Ligand code: G3P
């Protein structure tokens, strides 16, 4: 399973990248605003800064909600760097835009997926990735992981090439469960990625090894 980090924070991106396990980055307008990145040029420059840190796909989201606007914005975003993936919302105009970009060989990430029907439609249009939002489904008492399993089944039935990019991942169990279900990619915050390394028995064991070594070696 590929690991993407879901943030626009350059320090978090650098830290995850330095671990050597980072495959890509996803962003969205809320994450950009959270980092105080505002204004068209600053936002575009920030995407390039991210691309200069991570050698992998970087999702950059369009703001337009009509086909022509998405095409205009998406083409500009894709021209910024070879690793940019145009992130498009799951609306009917977005499906048309995904089909357009797919025919041109421009990679897309269809975002705000909350049902398997939406995932099927996006795959039919040729989306490179689809982003089902696990955490936000959990937030409304619906099991987000069930959606990943349904989409996996549908995509495997027809050998769709569209990759499942589990998003709105909040904690390490989401990551582990996504891996069990065969999600192609997960995108989560640095905290969830870091937490995968934690185990109290590892800490205790290491403490013991170092203490025993010190006893024998002064
Ligand atoms: O990738 C989508 C993600 O950013 C949404 O996460 O935690 O805002 O639901 P969250």
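The values are calculated or read from the model by the stated rules, or taken from the named source; none is laboratory data. It should be emphasised that the depicted structure is a prediction, and the values quoted were computed from it without experimental measurement. Note that each Cβ is placed from the backbone with ideal geometry, even for glycine, and that neighbours are counted across all protein chains shown.
Looking across 209, 160, one residue alone is out of contact with any strand residue (DSSP E or B) (no Cβ under 9 Å at 6 or more places or on another chain), under 30 Å from residue 104 (Cβ atoms) and more than 11 Å from the ligand (Cβ to nearest atom). It is 160. Could you say whether any residue in the range 17-33 is within 15 Å of the ligand (Cβ to nearest atom), at pLDDT 95 or above, surrounded by fewer than 20 Cβ atoms within 10 Å (Cβ to Cβ) and closer than 19 Å to residue 162 by Cα? Scanning the range 17-33, I find at least one residue that is within 15 Å of the ligand (Cβ to nearest atom), at pLDDT 95 or above, surrounded by fewer than 20 Cβ atoms within 10 Å (Cβ to Cβ) and closer than 19 Å to residue 162 by Cα, so the answer is yes.
All of (1) part of a loop (DSSP other than H, G, I, E, B); (2) without any contact (Cβ under 8 Å) to a residue 40 or more places away in the chain; (3) away from the ligand (no atom under 12 Å from the Cβ); (4) touching a strand residue (DSSP E or B) at 6+ places or on another chain (Cβ under 9 Å) hold for residue 183 with one exception: (2). Regarding residue 131, is this residue within 16 Å of the chain's Cα centre (by Cα), exposed (fewer than 15 other Cβ atoms within 10 Å of the Cβ) and under 21 Å from residue 2 (Cβ atoms)? No, not satisfied.
Being away from the ligand (no atom under 11 Å from the Cβ) and touching a helix residue (DSSP H, G or I) at 6+ places or on another chain (Cβ under 9 Å) is a property that residue 151 has.
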